[in-house]
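Have a look at the structure below before the remarks.
The values are calculated or read from the model by the stated rules, or taken from the named source; none is laboratory data. Bear in mind that the values here come from a model prediction, so they are computed numbers and not experimental data. We place every Cβ from the backbone using ideal geometry, glycine too, and count neighbours over all the protein chains shown. In case anyone asks, the SASA skips ligands and DNA or RNA and just uses the protein heavy atoms, side chains included. Shrake-Rupley method; radii C 1.70, N 1.55, O 1.52, S 1.80 Å.
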Amino acid sequence: MRELQVVVVVADGLGDRPVPELGMRTPLELADFSPVADVLVKSSVGLWDPIEPGVRPGSDTAHLALFGINPVGNYPGRGPFEALGAGASLQPGDVAFRGNFATVGEGMVVVDRRAGRFIPEARQLVEYLNERLGTIDGVEVRLYYATEHRVAVVFRGENLSDAVSDTDPHVEGVRVLRCVPRSGDPAATRMAEVVNRFTERVHRLLEECPINAERRSKGLPPVNAILLRGAGRMVKYPPITGRQGISLAKAAAISATALVKGVCSILGFEVYTPPGATGDVRSDLMSKAREAVDLYRKGYDLVYVHIKGTDSASHDGNPKLKLEVIERSLKALAYILDRVNLGSTVVAFLGDHTTPVTVRDHTSDPVPVMLYAPGVLPDGFRELNERLARRGSLGRLRNVEFFGVLMDYAGRSEKFGA
Ligand code: ZN
Ligand code: ZN
C-alpha cells in the first residue's frame, strides 16, 4: 500500500453544548469555515468519544487514546502526568506525586493546606529545595512547580513502588499523615520510608529558609511543608514510531502546553514549540502552522499540531473568545491545507475532548471530527459542528478506533488476517 503523510490538528476542548449567550448555538455552529470549506467538502466527518460515552477525559488520557493507546488499564494516575504538565521529564519506573505547599504548626499539625494559596516565592522555594534535598536512601528527589501552591514531586531510583498512602490529610487541624505501604511488597515499605524522610527533610529545610523569615515578618503564613497525594509509577508506553502493526518512522508534535508536550514526548514524538506559541489564547497559531508545514516538507510521517486556546476559553466560560480561537485555528488549518499535497496526505481536524463553555470543564460529549484523505467518501459538508457531525459517514468512533481509521487511510496499518 502507498503510505501517505498525516497531519492532525487538535483544538483542545473543541466540542460544546448550546450556549444561551449565542442563541442556543455552539461556537462551532457560528464559526466561519470558509477558509477550509474546499477541503472540508471533500472530507468525511463524524464523532469521536475519546474514552467512551460517559467517561470524562483529561487531556492526557484523551491524547493517549488519540495516538492509539487505550488509557483504560494503562494510566498510572494523575501524579506522573501532573509532573509532565509541570515540565518534568519522566522515565518509566519514576514515582510521582501531586503536592501542595502547606503551613504546619507545632507537632506537624496542618494549619493551612495551601499556605495562603498565594505564594509568589513558590518557584524560588522549589529551587531552594532542589538545591538541598539530594538523595534519600539512594533515591533522587526532584520538585517541579505547577501553579499557585501546587508542585509535583518525582522520586527516581531502582525498584520504586507507588503502593503507598498520601501524606495529605485533606483537612486542616490534624497532623501530616505518615506514609504507609499499601502492599506487602518490600519496595512499598522502602518507598513509604523514603516519603516520610522527604516530609521531615522538607520541613526542616523550609523552617531554615530565609524566605519564610521574610513571610513571617510580613504576617504571611510560612510555607513549611509539602503534602503529597496520588502516587503513580510511570509506565512504559510503546512509542508511536516502531509500534507493532503501525508503520510510522518519524513523528513530530507542535505544542506549547507542558502536559501535551510531556505526553507526546513519552510516546516518542519529537516535540517543537515555535516562537510565539504560548499555550494560551494569545498563542501565535500561524507560527505553529508554518512549523507544521516545515516539518511536513522535511518528510515527517505524522505531524501533530496542538492548539490550547479553545480549551482555555472554555474553562473561562467565554463563548465569544472560544469562537475567536476556533476561527484562528481554522485559518491555521487552511494555511496547512494550502501547502500540503492533498493527493498524498491525510489531514484530520478535531478536539481532544469536549469542554462546554456552559460547564467550564471537560465532559464526555463526543467531539466533532473532520477527516480528509484521498479517496475518502465525502460527506459534502462545508461546515463542521456538533449537530452536523452526527450525520457524518465516519459515524461515532471510540477511544483508539480513531487512530486506527487514521492509520488505515494513511496506508500505515497492518492487515488483520490473510
Ligand atoms: Zn484537552
Ligand atoms: Zn481543559
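Between region 335-405 and region 295-323, what is the C-alpha centre distance in whole Å?
13 Å
With each run of n ≥ 4 DSSP H residues scored as -39500 (n - 2.57), what mean residue ellipticity at 222 nm is computed for the chain after dividing by its residue count and rounding to the nearest 500 deg cm²/dmol?
For the chain, the value works out to -9000 deg cm²/dmol.
Treating the beta-carbon of each Lys and Arg as +1 and of each Asp and Glu as -1, no other charges, what is the dipole magnitude of region 81-232 about its Cα centre, to the nearest 20 debye?
300 debye
Give the Rg (one decimal place) followed by the Dmax (whole number) of the chain, computed from C-alpha coordinates and expressed in Å.
Just the Cα atoms of the chain yield Rg and Dmax of 23.3, 76 Å.
Accessible area per residue, 1.4 Å probe, Å², for the chain: what's the number?
Roughly 41 Å² per residue, with all protein chains present.
Quick one: order Phe349, Phe416 from most to least accessible surface, probe 1.4 Å.
Phe416, Phe349
In percent, what relative contact order does the chain have, based on Cα pairs under 8 Å that are 6 or more apart in sequence?
34 percent
Which of Leu129, Ala146, Gly116 sits closest to the plus end of the dipole of region 108-167, meaning its Cα is farthest towards the positive end, when Lys and Arg get +1 and Asp and Glu get -1 on the C-beta?
Checked the options; the winner is Gly116.
Ignoring any ligand, DNA or RNA, what whole percent of the accessible area of the chain comes from carbon and sulfur when the probe is 1.4 angstrom?
Whole-percent figure for carbon plus sulfur exposure: 48.
If you count only protein heavy atoms and use a 1.4 Å probe, how large is the accessible surface of Ser89, to the nearest 10 Å²?
80 Å²
Given the options Gly54, Gly77, Gly392, state which has the largest fluctuation in a GNM of the chain using a 10 Å cut-off (strictly under) for Cα springs.
Gly54
Expressed as a whole number of Å, what is the distance separating the alpha-carbon centroids of region 10-85 and region 172-246?
32 Å
Mind giving me the nanometre distance, one decimal, between the label points for Ser344 and Leu205, set 7 Å out from Cα along Cα→Cβ?
Reported label-point gap for Ser344 and Leu205 is 5.4 nm.
Please find the FRET efficiency linking Glu140 to Asp408, where r is the Cβ-Cβ separation and R0 is fixed at 45 Å, and quote it to the nearest 0.05.
E(calc), rounded to 0.05, equals 0.55.
Can you tell which of Pro20, Pro221, Pro53 shows the greatest fluctuation in a Gaussian network model of the chain with Cα springs below 10 Å?
Pro20
Which value, in Å² rounded to 10, gives the accessible area of His203 with a 1.4 Å probe and all protein chains present?
50 Å²
Using the Cα centre of the chain as the reference point, and only Cβ charges (+1 on K/R, -1 on D/E), how large is the resulting charge dipole? Debye, rounded to the nearest 20.
140 debye
If you take every DSSP beta bridge whose two residues both sit in the chain, what share of them, in percent to the nearest 5, is antiparallel?
60 percent
What length, rounded to one decimal in nm, is gained on full extension from Asp185 through to Glu106, with 0.36 nm per residue of separation minus their alpha-carbon distance?
Extra length from Asp185 to Glu106 when fully extended: 25.1 nm.
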